[in-house]
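Asks: The structure under discussion is supplied below as structure tokens; questions concerning it will follow.
The values are calculated or read from the model by the stated rules, or taken from the named source; none is laboratory data. What you see is a predicted model; the values in this text were computed from it and never measured. With ideal geometry, Cβ positions are generated from the backbone for all residues, glycine too; neighbour counts draw on all protein chains shown. Heads up: the accessible areas ignore ligands, DNA and RNA and are worked out on the full protein's heavy atoms, side chains in. Shrake-Rupley method; radii C 1.70, N 1.55, O 1.52, S 1.80 Å.
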Amino acid sequence: MNAREPLGTKEELDFLKRLKLEFQDAIQFINKEVEVVEKGFIQLLEGPFRQLIVRFPVQMDDGSIKMFTGYRVQHSRVYEPTKGGIRFAPDVDLDLITALAFDMTLKCRVVDLPYGGAKGGVCCDPKKMSRRELDKLTRRYAFEIFPMIGPDADVPAPDVGTGEVEMGIIYDTYKMFHPKSPHAEAVVTGKPLNLGGSEGRTEATACGGAYVLEEAIKQGHIKGLNSLKDATVVIHGFGNAGYYIAKILNEEYRCRIIGIADSKGGIYSQEGLNPKDVLNYKEKISAKKSVVGYDGLQQLNEEQLFTSPCDILIPAAKETQILGAFADDIEAKVILELANGPTTNFAHEILIDKKIYVIPDILANAGGVTVSYFEWLQNKAGESWELSQVKEKLRKKMITAYTNISKFAKDYNLDMRKAAFAFAILKAIKVLQNRGIFP
Ligand code: GLU
């Protein structure tokens with residue numbers, strides 16, 4: 001168990017600190033078992049190389065003027081442009097965005113996309129804002145981060161609290177100021193289809209996760225789980241990733257979705273839930289816009305949901321959700337991390353001791369940025385690919401990534417998270433070495 005990160009301490013709960021510990025562990029492993037790497041490149045890769053903080057006003061519907069703080073962080077120049085989503089949430093701060101940008105650098109190496117890592121965000125509560133206020137906030141934030149973004153410099157995308165509407169606004173704002181830019185739509189991915197978005201982008205994170213899960217089962221890596229048919233699934237988070245993974249696993253793979261939770265609480269049904277009906281309830285019927293109360297089911301708190309017996313547990317909300325405090329009570333065969341950083345290092349060690357197969361975030365949720373890459377390629381080439389083509393290419397990428405990481409894990413006797421980290425870091429350092437140091 002990780003002695004440096006005792007249960008429930010600030011260290012356990014701090015995503016950036018956790019990532020740095022994982023990074024140090026991976027470097028130690030690489031130096032000992034693979035090859036000794038130049039210290040300078042390690043420091044370079046620890047990043048970030050650029051952080052922008054912006055403060056800007058938005059006129060609210062009641063006429064008042066409210067100040068917001070936004071961020072854009074570019075973590076590494078392993079390749080350019082840098083790439084990563086934009087998060088609108090009340091807990092957004094510089095450390096969180098920096099950690100998420102770090103994650104993007106590693107994720108892009110896992111799926112082998114020619115991008116460096118970046119992330120952005122605004123500290124706000126989109127659930128408490130009107131559509132008009134959010135539109136204004138998005139447009140002003142996009143303008144404020146102009147020094148960073150561009151089709152060949154840094155390309156944002158959706159993340160928690162943002163989606164295709166926001167991406168359309170970012171594109172429009174950029175285009176207004178760069179009218180002669182030939183492929184201005186490549187400044188952002190996850191756009192609506194009629195603005196150069198890609199088929200399959202909305203469900204890409206979930207779809208990529210499903211391909212990886214299917215492959216893990218096919219390769220016989222999940223003890224006691226030989227097929228997705230009738231497998232029981234518990235999902236934490238019912239936003240984009242959570243909803244689509246529920247839908248895909250239920251409709252395409254015939255899994256039984258027995259638990260779903262959002263930020264307000266969870267529901268559980270041994271017979272299985274219909275994801276479409278639950279979404280309809282959350283969006284159209286529930287006054288609180290929550291799954292809680294669906295079909296009169298009893299409400300579960302987060303810990304109860306995470307520890308409900310199931311075959312597949314899917315954290316699909318945000319970072320720091322699976323904690324050491326209850327990791328020992330988790331009874332899943334596999335954890336598919338669709339959220340970024342949902343499991344603390346301490347909890348992860350417990351899960352590994354319990355022989356639960358954890359498919360780490362930088363592999364499990366890399367389908368999102370992969371289809372973002374496809375969208376960017378289509379924009380640059382003036383093409384639009386069919387859904388079947390996008391899905392086939394995504395499947396190939398995810399299966400290759402899974403196969404590479406699981407082989408690395410086997411070769412060096414590592415768990416999947418340690419393997420994914422070390423694999424990604426090694427790849428990134430090789431690119432940095434080949435680029436050399438300027439001047
Ligand atoms: N926000 C997503 C992620 O965390 C997607 C990033 C992108 O498409 O650039 O991977």
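Asks: For the range 211-220, which positions are within 23 Å of the chain's Cα centre (by Cα) and open to solvent by 10 Å² or more (accessible area, probe 1.4 Å)?
Replies: Correct list: TYR211, GLU214, GLU215, ILE217.
Asks: Return the total of residues in the range 211-228 being part of a loop (DSSP other than H, G, I, E, B) and more than 13 Å from SER406 (Cβ to Cβ).
Replies: Within the range 211-228, residues that are part of a loop (DSSP other than H, G, I, E, B) and more than 13 Å from SER406 (Cβ to Cβ) number 6.
Asks: Conditions first: (1) under 22 Å from LYS119 (Cβ atoms); (2) open to solvent by 10 Å² or more (accessible area, probe 1.4 Å). GLY208 passes all but one, so which condition is the exception?
Replies: (2)
Asks: Please work out if ARG72 is modelled with pLDDT of 95 or more, on the phi < 0 side of the Ramachandran plot, buried (at least 18 other Cβ atoms within 10 Å of the Cβ) and out of contact with any helix residue (DSSP H, G or I) (no Cβ under 6 Å at 6 or more places or on another chain).
Replies: yes
Asks: Collect the residues in the range 405-432 that are surrounded by fewer than 19 Cβ atoms within 10 Å (Cβ to Cβ) and either at pLDDT below 95 or assigned to a loop (DSSP other than H, G, I, E, B) (or both), keeping them in residue-number order.
Replies: ASN413, ASP415
Asks: Now, a different point. Being of a type in the set (A, V, I, L, M, F, W, C), within 24 Å of ALA206 (Cα to Cα) and within 11 Å of the ligand (Cβ to nearest atom) is the requirement here; does ALA157 meet it?
Replies: In short, yes.
Asks: I'd like to verify a number: residues in the range 313-323 that are buried (at least 24 other Cβ atoms within 10 Å of the Cβ) and in contact (Cβ under 8 Å) with a residue 60 or more places away in the chain, how many?
Replies: 5
Asks: If ALA347 satisfies all but one of (1) crowded, with 20+ Cβ neighbours inside 10 Å; (2) away from the ligand (no atom under 13 Å from the Cβ); (3) within 15 Å of GLY209 (Cα to Cα); (4) not aromatic (Phe, Trp, Tyr), what's the number of the condition it fails?
Replies: (3)
Asks: Please state which of the following conditions PHE68 fails to meet, knowing it meets all the rest: (1) in contact (Cβ under 8 Å) with a residue 40 or more places away in the chain; (2) within 11 Å of the ligand (Cβ to nearest atom).
Replies: Condition not satisfied by PHE68: (2).
Asks: Going by the conditions given, is ALA339 under 21 Å from CYS255 (Cβ atoms), in contact with a strand residue (DSSP E or B) (Cβ under 8 Å, 6 or more places away or on another chain), touching a residue at least 24 places away in the same chain (Cβ under 8 Å) and more than 10 Å from the ligand (Cβ to nearest atom)?
Replies: no
Yes/no matrix, rows are residues, columns are (1) out of contact with any helix residue (DSSP H, G or I) (no Cβ under 9 Å at 6 or more places or on another chain); (2) more than 23 Å from VAL111 (Cβ to Cβ); (3) part of a helix (DSSP H, G or I); (4) touching a residue at least 12 places away in the same chain (Cβ under 8 Å):
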{"position": "SER198", "(1), (2), (3), (4)": "no, no, no, yes"}
{"position": "ASP230", "(1), (2), (3), (4)": "yes, yes, no, yes"}
{"position": "VAL233", "(1), (2), (3), (4)": "no, yes, no, yes"}
{"position": "TYR244", "(1), (2), (3), (4)": "no, no, yes, yes"}
{"position": "LEU249", "(1), (2), (3), (4)": "no, no, yes, yes"}
{"position": "GLN270", "(1), (2), (3), (4)": "yes, yes, no, yes"}
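Asks: With at pLDDT below 95 and farther than 28 Å from ALA419 by Cα as the only criterion, which of LYS136, LYS66, LYS127 stands out?
Replies: Answer to the selection: LYS127.
Asks: From the list ILE53, ILE42, which residue is part of a strand (DSSP E or B) and of a type in the set (Val, Ile, Thr)?
Replies: ILE53
Asks: Can you pull out every residue in the range 71-130 that is more than 14 Å from the ligand (Cβ to nearest atom), in a loop (DSSP other than H, G, I, E, B) and farther than 22 Å from ILE42 by Cβ?
Replies: PRO90, ASP91, ASP93, CYS124, ASP125, MET129, SER130
Asks: Taking interchain pairs and intrachain pairs at least six residues apart, which have beta carbon atoms under 7 angstrom, with the first residue in the range 87-115 and in contact (Cβ under 8 Å) with a residue 40 or more places away in the chain and more than 17 Å from SER76 (Cβ to Cβ) and the second open to solvent by 10 Å² or more (accessible area, probe 1.4 Å) and polar (S, T, N, Q)?
Replies: Note: pairs meeting the criteria are ARG87/THR162; PHE88/THR162.
Asks: Mind listing whichever residues of the range 380-396 are more than 13 Å from the ligand (Cβ to nearest atom) and not in a loop (DSSP other than H, G, I, E, B)?
Replies: Of everything in the range 380-396, those that are more than 13 Å from the ligand (Cβ to nearest atom) and not in a loop (DSSP other than H, G, I, E, B) turn out to be LYS380, ALA381, LEU387, SER388, GLN389, VAL390, LYS391, GLU392, LYS393, ARG395, LYS396.
Asks: For the range 131-166, enumerate the residues that are of a type in the set (Asp, Glu), part of a loop (DSSP other than H, G, I, E, B) and crowded, with 20+ Cβ neighbours inside 10 Å.
Replies: Listed by number, the list holds a single entry, ASP159.
Asks: Determine the pairs where a residue that is part of a helix (DSSP H, G or I) and acidic (Asp, Glu), located within the range 345-366, has a partner that is within 11 Å of the ligand (Cβ to nearest atom) and at pLDDT 95 or above with Cβ atoms under 6 Å apart, the partner being 6 or more residues away or on another chain.
Replies: ASP361/ASN340
Asks: In the range 112-130, what count of residues is obtained for those that are crowded, with 24+ Cβ neighbours inside 10 Å and not small (Gly, Ala, Ser)?
Replies: Of the residues in the range 112-130, 3 are crowded, with 24+ Cβ neighbours inside 10 Å and not small (Gly, Ala, Ser).
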